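Written out below as structure tokens is the structure these notes cover.
The values are calculated or read from the model by the stated rules, or taken from the named source; none is laboratory data. Quantities reported herein were computed from a predicted structural model and do not represent experimental measurements. Because the Cβ atoms are built from the backbone with ideal geometry, glycine has one as well, and the counts that use them run over all protein chains shown. Just so you know, the surface numbers come from the protein's heavy atoms only, side chains and all, with ligands and any DNA or RNA stripped out. Shrake-Rupley method; radii C 1.70, N 1.55, O 1.52, S 1.80 Å.
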Amino acid sequence: MGSNLTVNYAEVIAMILFVTGFANLLLQKNLIKKIIGFNIMDSSIYLFLAVKGYITGRTVPIVVDNVTSVEAYINPIPAGLVLTGIVVSVSVSALMLSLTIRLYRRYQTLNLDEISTRLKKEGM
Amino acid sequence: MDMVRNIPFFSIMLAMFSGPVCSVLPGKVARVVNAVVITLIMGMSAVLLYSLNVSGESFVFMMGHFPAPWGNEIRAGVLEAGMAMFFCMVMLLSVLGGIKKLFDEVVESKHNLYYVLVGLMLSSLLALVYTNDLFTAYVFVEINTISACGLIMIRENGRTIEAAVRYMVMSLIGSAMILLGICMLYDITGHLLMSNIKESVTAMTAGGSYPEPLLFTIALMSVGLAIKCALFPFHAWLPDAYGYSTVSSAAILSSLVSKGYIFLLIKIIYRVIGFDIYTDSGVIDVLFFFGLAGMIFGSVSAIRENDIRRMIAYSSVAQIGYIFMGIGMGTEFGMVASVFHMLSHASTKSLLFISAIGLTDVSDGSRRFEPLTGSAYRNRIAGLAFAVGSLSMVGVPLFSGFISKLLFAEAAVSLRYRMIAVLVVLGVSTILNAIYFMKTVIRIYTPVENDHYPHVYLKDAPLYSIVLMAFVTLNVLLGVMSDPIVALIRKGLGMFS
């Protein structure tokens, strides 16, 4: 198992980043830090996916010099999936940031626990 | 048959384009466009369902000019067409039932944006129902999340924005886990189309290669979808989100959003992993256990609530537990029971939310139980509808809830060790449901002297009354004519894999 971890070091780093982002998203009280955690988590999945497409010794999948054999290029599909994922991640970040702006304008704090306490006191 | 094959594609595209089109139209026109689009898609899905029922086999529709395994596909069978038609029906009734509250609670300039969100939500539900490609499913899961968040926060008060933030946090955790599972599955099988993945997975299990990654993938995808559906330990966001948003949003969220994800989970079980391989892994036991726990804890939390909308929201937690218990049973009959309960819960939960708002409106807007006493006499149609919904939830015969519980109990009898657990928890949760629902029904039907609140009669709110009568009819239809519907579900599940 040890040799697997060192050979696939990129996937290991991606998983460590995933858990870091996950913990930040869940456990941080500050809204901006939650959003940063979410971005770290999603970026780590894209790192994982991009590494899965790489094949040693081959180059980017753009045809140059009429070399059309499949053996010369890496797998292009994960790049497409990563692009789709980045678009999704950007939309969700924009949505969460706009929610943060609205909450800040109302309560002048970025701390989610404090906002909950104030809402309970308002007694809506 | 040829023209009918285009219907899934037309439905998804029509719903998706109605979104941006509504963003440039004024509020009143957007409302009409939205209602027309939903009715059109409902009609098309009914035609598709009829023709598929007659022909008896599902078909695959190639998206773009690339064949499998390189292109994208959508697939339609009896079950998919039936679910699409049902989702459209419930969504149309939910939007129409909450229109008056939409005018009161949302700023005038944002009305057309609400219909943008409803259109996107409908397109994502249809795509989740029809898709045959795993990554497309992920993209539409995200579209579903974003439009659900918009639906929660369009009514702007502090509670809804905080509820939207909490919803997004839990939902994003679920999405990330699903994405990671899909990436790992793509890595070990090399395919993204569900049928190709299934062949690959069957070959892998037979050959004994990659057992741990496959287990991990199954676990990640199942737990990710369960988090998004608000299964028991992950339901903290649910009461705030359903309890404080505008009533059409609450109805759409509670009845349709979770059903889309559950349908995707059933698709993954049947078409990606394979039913036998999925039941052999331990993941199904985890779903079963949390389903049982959710049934009990959801009802216990609902009993302690003093706010009618939060009580109905907690009851949703219990009902999602029922569905996961059915999936967790691991038998064909359990799946049939779960799918029937999806239909029954969707129609009943919408009914409860829309009738509850009628009751609170005649009690000076208060949602606590004390002012709600006797409100059924002030708004007779809402009281009747709420009573019908409560009886259905408890499981009284003649209504759809009874058929669901009957199907669950019948499915449990064929299990060996889990039968006792299922039957005991079914019984206990029925009693708990009766405690809080019947208590509310008795309270709203207790006559009050010196009633100074306004009364609302049938002619004051015609659209609202028609919507409630339609919901009640749907519920009674599901309860009384359940045999052909269960037969359709069984036939659909048979051609599902």
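A few comments on the model shown:
- Those residues of region A:87-103 which are open to solvent by 70 Å² or more (accessible area, probe 1.4 Å) and in contact (Cβ under 8 Å) with a residue 24 or more places away in the chain, in sequence order: A:Leu97
- In region B:375-490, counting only helices (runs of 4 or more DSSP H) that sit wholly within it, the ones holding 1 or more residues that are buried (at least 22 other Cβ atoms within 10 Å of the Cβ) and under 20 Å from the mean Cα position of the chain (by Cα) span B:380-394, B:400-413, B:419-444, B:462-480.
- The residues on offer are B:Ala230, B:Ala250, B:Ala241, and the sole one that is modelled with pLDDT under 95, part of a loop (DSSP other than H, G, I, E, B), touching a helix residue (DSSP H, G or I) at 6+ places or on another chain (Cβ under 8 Å) and open to solvent by less than 10 Å² (accessible area, probe 1.4 Å) is B:Ala230.
- Residue in region A:80-92 that is over 23 Å from B:Ile173 (Cβ atoms) and at pLDDT below 90 present: no
- When each of B:Gly64, B:Gly56 is tested for being on the phi > 0 side of the Ramachandran plot, open to solvent by 20 Å² or more (accessible area, probe 1.4 Å) and touching a residue at least 12 places away in the same chain (Cβ under 8 Å), the lone residue that passes is B:Gly56.
- Residue match in region B:94-112 (condition: modelled with pLDDT under 95, closer than 30 Å to B:Phe61 by Cβ and aromatic (Phe, Trp, Tyr)): no
- Test for B:Ile182: is it buried (at least 22 other Cβ atoms within 10 Å of the Cβ) and more than 11 Å from every other protein chain (Cβ to nearest Cβ): no
- Qualifying residue in region A:105-123 (condition: of a type in the set (Phe, Trp, Tyr), within 12 Å of chain B (Cβ to nearest Cβ), open to solvent by 60 Å² or more (accessible area, probe 1.4 Å) and over 24 Å from the mean Cα position of the chain (by Cα)): no
- A count restricted to region B:107-132 and to residues that are more than 21 Å from B:Met85 (Cα to Cα) and either in contact with a Gly (Cβ under 9 Å, 6 or more places away or on another chain) or within 11 Å of another protein chain (Cβ to nearest Cβ) (or both) stands at 7.
- Residues being part of a helix (DSSP H, G or I) and either at pLDDT 95 or above or open to solvent by 10 Å² or more (accessible area, probe 1.4 Å) (or both) - total across region B:305-314: 2
- Residue satisfying all of: in region B:189-204; farther than 19 Å from B:Lys267 by Cβ and assigned to a helix (DSSP H, G or I); farthest from the other protein chains (Cβ to nearest Cβ) among these: B:Ala203
- Selection status of B:Ile323, within 26 Å of B:Leu192 (Cα to Cα), under 18 Å from the mean Cα position of the chain (by Cα) and touching a residue at least 12 places away in the same chain (Cβ under 8 Å): no
- Among the candidates B:Gly334, B:Gly374, the residue that is closer than 25 Å to B:Ser222 by Cβ and not aromatic (Phe, Trp, Tyr) is uniquely B:Gly334.
- Identification of helices (runs of 4 or more DSSP H) wholly contained in region A:1-86 with 2 or more residues that are open to solvent by 40 Å² or more (accessible area, probe 1.4 Å) and at the interface with another protein chain (Cβ under 9 Å from one of its Cβ atoms) yields A:9-27.
- Among residues of region B:271-283, those that are open to solvent by 10 Å² or more (accessible area, probe 1.4 Å), assigned to a helix (DSSP H, G or I) and in contact (Cβ under 8 Å) with a residue 40 or more places away in the chain, counted: 4
- B:Ala176 being within 9 Å of chain A (Cβ to nearest Cβ) and open to solvent by less than 30 Å² (accessible area, probe 1.4 Å): yes
- Any hit, region A:87-101, residues being within 11 Å of chain B (Cβ to nearest Cβ) and more than 30 Å from B:Glu156 (Cβ to Cβ): no
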